[in-house]
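Please treat every number below as a calculation from the coordinates, not as lab data. Note that the structure is a prediction, hence the values are computed from the model and not measured. All Cβ positions, even for glycine, are placed from backbone atoms using ideal geometry, and neighbour counts span all protein chains on display.
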Amino acid sequence: MWKIEWSKEAQKQLEKLDPQIKKKILKYLRETLKEWSDPRQRAEKLVEDKAGWWRFRVGDYRLIFEIEDHILIILIIKVGHRKEIYED
């Protein structure tokens, strides 16, 4: 079973979101986590300067994360609106 961990930055970004959006994101993670044998089935691989990272799409919001196979952890790195999430 996969475990979700949040970076400090991602946790802060999640807390700043509208409560309805936050609830939707957490529900998505909770419900789909039950079904995953491999999170790559529901994610898209990022490229170029974000190679090695993956993303989930939840409506207009994105969750950027890393997969740590050896310990079955999904580390959420960033959370934000699709217009802003890829900016550095």
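Here are some notes:
- Once backbone amide H atoms are built at 1.01 Å from N, Ile4 has Ile74 as its partners under 5 Å, excluding neighbours fewer than 5 places away on the same chain.
- For the chain, projected area of the alpha-carbon convex hull averaged over all directions, nm²: 5.6 nm²
- Helical contribution to [θ] at 222 nm, DSSP H n ≥ 4, -39,500 (n - 2.57), averaged over the chain, rounded to 500: -9500 deg cm²/dmol
- Measuring nothing but how far apart in sequence close Cα pairs (under 8 Å, 6+ apart) lie, relative to its length, the chain scores a relative contact order of 34 percent.
- Long-range HN-HN contacts of Trp53 with modeled amide H, under 5 Å: Leu46
- DSSP-assigned coil residues among trypsin sites (Lys or Arg not before Pro) in region 38-86, each with at most 11 further Cβ atoms within 10 Å: Lys83
- Applying both filters, DSSP loop and at most 11 other Cβ atoms within 10 Å, to the GluC sites (Glu not before Pro) of the chain gives Glu84, Glu87.
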